[in-house]
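Contents: one structure, followed by commentary.
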Amino acid sequence: MKFVDEYRDPERARALSKALHERVTRPWTLMEICGGQTHSIMRYGVDQLLPESVRLVHGPGCPVCVTPTELIDKAIHIARQPGVILTSFGDMLRVPGTRDDLLRAKSEGADVRMVYSPLDAVTIAQKNPDKQVVFFAVGFETTAPPNAMAVVRAHQLQLSNFSILASHVLVPPAIRALLDAPDNIVQGFLAAGHVCTIMGTREYDPLAEQYRIPIVVTGFEPVDLLQGIFLAITALEAGQSGVQNQYARSVTRDGNVTAQQVIRKVFRVCDRAWRGIGIIPRSGLELQDDYATYDANRRFDLSGVTTVESTVCRAGEVLRGVLRPTECPAFGVTCNPENPLGAPMVSSEGACAAYFRYGKLHRKSAE
Ligand code: SF4
């Protein structure tokens, strides 16, 4: 299959691994931003092909994982109101809030439905005019365009029973926050290819320039990742900074301008809380005034929602790359995919889930 097979070619992977071993002369730490990249690294054993002196740490690029507990609590509270249908992508249903998750609310009678597209939620609203239909809209720049389109569509249809509970987050402010943190150890980044397919590469230039770091926009297959790592290490070894595009088969400098326009039409930038990290200035999207009527925060009384953060789950440290999932005392002991104590163990892009799922493969191959 074009654009897949050649990026899973073991020969190319081995050649890149050899080139990396020859290139590196000292220790370097890179962060892959995206949870999808983390899963590929673990699934294909990319980390085992690296020189020991190249350390990969995993970033906050899992939208489910960074959704704050308070928002999960709000979604559960809304779902339990009479006459409400709460719609969400499947991953969100099992993410623990303070006391419960959405699946528990569903088992207790709340009308919680899994959808595959925000437009499915609009259709549900059309078919259920006597119900309030809420879509739990989380995600990075990749999911913002379809979520914005759902709001536009609801507006066109003049649906008064549709709203979204939005927790959109943006990658560049998160990179800035990580680099500004006193405990930062990251010297270069693999940026997420799919985010840059929408947003282009331009907005990473000021970051690379200000912090004098390499940022390589990278895809998701093992050869993509090894190429991205090779480019970043080559830049570090040469003392160079700047943005490079490994994922040129999908990413352009300007990105998808039409998608960006629909994001700007419906959303505006706001401060946003990230789970375990706190508020990052100008790191989220909220509805523009013209579409404020579709904001579930305004439609429902959420003043009674109280949130208590877990004292066990160390998701914040995992999402900042300062703690490996296996270093969390709960990992595999009291926390596993069947009984997750935190979002990173639930999500298909969560680092803890990746280590749990593929760590056994790594141990087996090491035996
Ligand atoms: S292993 Fe579980 S408890 Fe520990 S950080 Fe990951 S999700 Fe949280």
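Bear in mind that the values in this text are calculations on the coordinates, not laboratory data. Note that the structure is predicted; figures quoted are calculated from it, not measured. In this analysis, Cβ positions are derived from the backbone assuming ideal geometry, glycine residues included, and neighbour counts consider all displayed protein chains.
Mind giving me the FRET efficiency for Ala19 and Asp120? R0 is 45 Å, r the Cβ-Cβ distance, nearest 0.05 is fine.
For Ala19 and Asp120, the calculated efficiency is 0.50.
Between the stretch 180-208 and the stretch 98-152, how far is it from one alpha carbon centroid to the other, in angstrom?
30 Å
Evaluate the charge dipole of the chain about its Cα centre and quote only its size in Debye, nearest 20, assuming +1 on the Cβ of each Lys and Arg and -1 on the Cβ of each Asp and Glu.
The dipole magnitude comes to about 300 debye.
Label Val333 and Arg253 with points 7 Å out from Cα along Cα→Cβ: what is the distance between them in nm?
It is 5.2 nm.
HN-Hα J couplings of the stretch 231-240 from phi, Karplus 6.51/-1.76/1.60, θ = phi - 60°, integer Hz, Gly and Pro as x?
Values per residue, Gly and Pro as x: 5, 5, 5, 4, 5, 4, 4, 8, x, 9 Hz.
Given the Cα-Cα distance of Asp271 and Ala292 and 0.36 nm per residue of separation, how much length would full extension add, in nm?
Result for the pair: 5.9 nm of gain on full extension.
For the pairs Lys131/Lys265; Lys74/Lys106; Lys106/Lys131; Lys106/Lys127, note any where the Cα-Cα span goes beyond 23 Å.
In this structure, Lys131/Lys265 lie more than 23 Å apart at Cα.
Under 5 Å between amide hydrogens, which residues at least 5 positions from Trp274 or on another chain qualify, with H placed 1.01 Å from N in the peptide plane?
Ile279, Ile280
Looking at the stretch 56-152, I'd like the Rg to Rh ratio, where Rg is from alpha-carbon atoms and Rh is Kirkwood's inverse mean 1/r.
Result for the stretch 56-152 is an Rg/Rh of 0.98.
Shape verdict for the stretch 219-268, please, from the Cα gyration tensor: rounded (a/c under 1.5), prolate (a/b greater than b/c) or oblate.
Prolate, because a/c is 1.5 or more and a/b exceeds b/c.
Is it possible to state the helix-based mean residue ellipticity at 222 nm for the chain, with each DSSP H run of 4+ residues giving -39500 (n - 2.57), the sum divided by total residues, to the nearest 500 deg cm²/dmol? What is it?
Counting only the DSSP helices, I get -11500 deg cm²/dmol.
Mind listing the long-range amide H neighbours of Asp111? Cut-off is under 5 Å, sequence gap 5 or more, other chains count too, H placed in the peptide plane at 1.01 Å from N.
Result for Asp111 returns Leu86.
For the stretch 68-114, what is the Kirkwood estimate of the hydrodynamic radius, computed as the reciprocal of the mean inverse distance between distinct Cα atoms, to one decimal in Å?
10.2 Å
Pairing rule first: another cysteine's C-beta must sit under 4.7 Å. Under that rule, which cysteines of the chain stay single?
Result for the chain is Cys34, Cys196, Cys270, Cys313, Cys328, Cys335, Cys352, no neighbouring Cys Cβ within the cutoff.
Percent relative contact order of the chain, based on C-alpha pairs within less than 8 angstrom and at least six residues apart?
Result for the chain is 23 percent.
Please compute the Cα-Cα pair-distance distribution of the chain with 10 Å bins starting at 0, giving whole percents from short to long.
Cα pair-distance distribution for the chain, in percent: 5, 24, 32, 24, 11, 3, 0.
What does the convex hull of the alpha-carbon atoms of the stretch 127-245 project to on average, in nm²?
9.7 nm²
Find how much the distance from Thr306 to Arg282 grows on full extension, using 0.36 nm per residue of separation minus their present alpha carbon separation; answer in nm with one decimal.
6.2 nm
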